[in-house]
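Worksheet for the structure shown next.
The values are calculated or read from the model by the stated rules, or taken from the named source; none is laboratory data. From a predicted model like this one, the values you see are computed outputs, not experimental measurements. All Cβ positions, glycine included, derive from the backbone under ideal geometry; neighbour counts span all protein chains shown.
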Amino acid sequence: MNILVIGSGGREHSICDKLKQSKSCDKLFVAPGNPGIFQIAIKANISIDNNQDIINFCKSEEIDLVIIGPEQPLANGLTDVLQKHNINVFGPSKLAAKLEYSKGFAKEFMKQRQKIMLNTFH
């Protein structure tokens, strides 16, 4: 299985470390990555802010799974775009990710859910 991990932090480093230990992992790529991650994963020279670059990379490298860590690619709708191109992805949709990247949306969402819950139990 060829895997692409999007991100450069400690979380993505841990994910890459565990993936690399799997017998199912053939090639492990990371973008943008960092010097520590590059010791266990291949640097993918793509912009994580350009969904089309990521799609092209996935097709050219026959990526079987993309794992998205950072908030911004999720906010850019990367999960949705990859799914439309039949590329397996682990990460929430743009709408679901909005709960994290938009505090105003999250507050309004919770207020609406609270009203529903209160009406259900009264």
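From the list I40, I54, the lone residue that is touching an Asp or Glu at 6+ places or on another chain (Cβ under 8 Å) and either on the phi > 0 side of the Ramachandran plot or not charged (D, E, K, R) (or both) is I40. For N45, the conditions (1) among the polar types (S, T, N, Q); (2) surrounded by 14 or more Cβ atoms within 10 Å (Cβ to Cβ); (3) more than 10 Å from the chain's Cα centre (by Cα) are fulfilled apart from (2). Any residue in the stretch 31-40 that is surrounded by fewer than 14 Cβ atoms within 10 Å (Cβ to Cβ), under 15 Å from I6 (Cα atoms) and in contact with a strand residue (DSSP E or B) (Cβ under 9 Å, 6 or more places away or on another chain)? Yes. Within the stretch 15-26, is there a residue that is surrounded by fewer than 19 Cβ atoms within 10 Å (Cβ to Cβ), in contact with a strand residue (DSSP E or B) (Cβ under 9 Å, 6 or more places away or on another chain) and assigned to a helix (DSSP H, G or I)? For the stretch 15-26, residues surrounded by fewer than 19 Cβ atoms within 10 Å (Cβ to Cβ), in contact with a strand residue (DSSP E or B) (Cβ under 9 Å, 6 or more places away or on another chain) and assigned to a helix (DSSP H, G or I): present.
The criterion of being modelled with pLDDT of 95 or more, over 18 Å from A75 (Cβ atoms) and surrounded by 15 or more Cβ atoms within 10 Å (Cβ to Cβ) does not hold for I55. Filtering the stretch 88-109 to residues that are among the aliphatic types (A, V, I, L, M), at pLDDT 85 or above and out of contact with any helix residue (DSSP H, G or I) (no Cβ under 6 Å at 6 or more places or on another chain) leaves only L95.
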